[in-house]
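S.K.: First, the structure itself, so that you have it in front of you.
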Amino acid sequence: MAFKVKSGKVKNVWLPVTASTALSANSLVTFTSGKLVAATAGTANTNIAGVLVKAIAATDDDYANERLVAVTVPLEKHVVWEADVTSGLVAADRGLEVDATSATHLNRGASSVDVAKVLNVISTTKGDVWLKINGSY
């Protein structure tokens, strides 16, 4: 599942994606050389562009083409996202800022670039968060 909007106003914007790059649906994306790529554990929250709407697979007809893809971005502060977490999410994590493990998961054990704030624990591997997209909740 990765990141899914739970509440708040968002919209889809169309941004250029790097050709021949597979990306997961509902994953965090950032820019490299003016085109989207998957965010990584070290991607600064100010560089997160948004959440990719649709997966890009090597089997897609337009996989090798430069094109625009839909990316979900917040229109207001404090949009709540349901997020996948690598493991071990507990009630004491509420209010803590956490990093990404990958473009699709958060790491509740790391807090150096702080891409999300934990709001609610759904399970040990899923929670509600505010994402810091473009450096702001």
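Please treat every number below as a calculation from the coordinates, not as lab data. Values in this document were obtained by computation on a predicted structure and should not be read as measured data. So basically every Cβ, Gly included, is an ideal-geometry build from the backbone, and we count neighbours across all protein chains shown.
S.K.: For Cα pairs less than 8 Å apart in space and 6+ apart in sequence, what is the mean separation divided by the residue count of the chain, i.e. the relative contact order in percent?
M.R.: That works out to 29 percent.
S.K.: What is the gain in length, in nm to one decimal, between ALA70 and PHE31 on full extension, counting 0.36 nm per residue of separation less the C-alpha to C-alpha distance?
M.R.: Working: separation 39, 0.36 × 39 = 14.04 nm, distance 1.40 nm.
Contour length minus Cα-Cα distance gives 12.6 nm.
S.K.: Per residue of the range 7-16, what does 6.51 cos²θ - 1.76 cosθ + 1.60 with θ = phi - 60° give for ³J(HN,Hα)? Whole Hz please, x for Gly and Pro, Karplus curve as stated.
M.R.: 7, x, 8, 9, 8, 9, 10, 9, 10, x
S.K.: Taking 0.36 nm per intervening residue step and subtracting the Cα-Cα distance, what contour gain separates LYS126 from HIS78 on full extension?
M.R.: On the way: separation 48, 0.36 × 48 = 17.28 nm, distance 1.81 nm.
Between LYS126 and HIS78, full extension yields 15.5 nm more.
S.K.: Now, a different point. Hey, can you grab everything whose amide H is under 5 Å from the amide H of VAL69? Only 5+ residues off in sequence or another chain; H modelled, so Pro and N-termini drop out.
M.R.: For VAL69, the qualifying residues are LEU15, VAL17.
S.K.: Using Cα-Cα distances under 8 Å and only pairs 6 or more residues apart, what relative contact order does the range 80-131 have, in percent? Walk me through the numbers on the way to the answer.
M.R.: Values: 126 pairs, mean separation 23.4, N = 52.
45 percent.
S.K.: Using each residue's phi in the range 19-24, evaluate 6.51 cos²θ - 1.76 cosθ + 1.60 at θ = phi - 60° and report the 3J(HN,Hα) Karplus result to the nearest Hz, with x for Gly and Pro.
M.R.: For the range 19-24, the Karplus-derived couplings read 5, 6, 10, 7, 9, 7 Hz, x marking Gly and Pro.
S.K.: Which loop trypsin sites (Lys or Arg not before Pro) in the range 45-97, with loop taken from DSSP, have no more than 14 other Cβ atoms within 10 angstrom of their Cβ?
M.R.: Values: sites: LYS54, ARG67, LYS77, ARG94; in loops: LYS54, LYS77, ARG94.
Here the trypsin sites (Lys or Arg not before Pro) that fit, given the DSSP loop and packing criteria, are LYS54, LYS77, ARG94.
S.K.: If you work out Cα extents along the principal axes in Å from the coordinates, which of [x] 38, 34, 26; [y] 47, 40, 32; [z] 45, 28, 23 do you get?
M.R.: So the structure-derived entry is [z].
S.K.: Report the FRET efficiency, 1/(1 + (r/R0)^6), for ALA57 and LYS11, where r is their Cβ-Cβ distance and R0 is 25 Å, rounded to 0.05. Before the final figure, lay out each step's value.
M.R.: Values: r = 25 Å, r/R0 = 0.99.
The value I calculate is 0.50.
S.K.: For the chain, what proportion of DSSP beta bridges, expressed in % and rounded to the nearest 5, is antiparallel?
M.R.: 95
S.K.: Just going by the charge dipole of the chain, with Lys and Arg at +1 and Asp and Glu at -1 on Cβ, which of ALA92, LEU28, ALA2 is farthest out on the positive end?
M.R.: ALA92
S.K.: Shifting gears a bit: Compute, for the chain, the length of the dipole vector about the Cα centre, with Cβ point charges of +1 (Lys, Arg) and -1 (Asp, Glu) only. Units Debye, rounded to 20.
M.R.: With only Lys, Arg, Asp and Glu charged at Cβ, the dipole is about 340 debye.
S.K.: According to a simple spin-label model (label point 7 Å from Cα along Cα-to-Cβ), what is the distance in nm between ALA41 and MET1?
M.R.: 2.4
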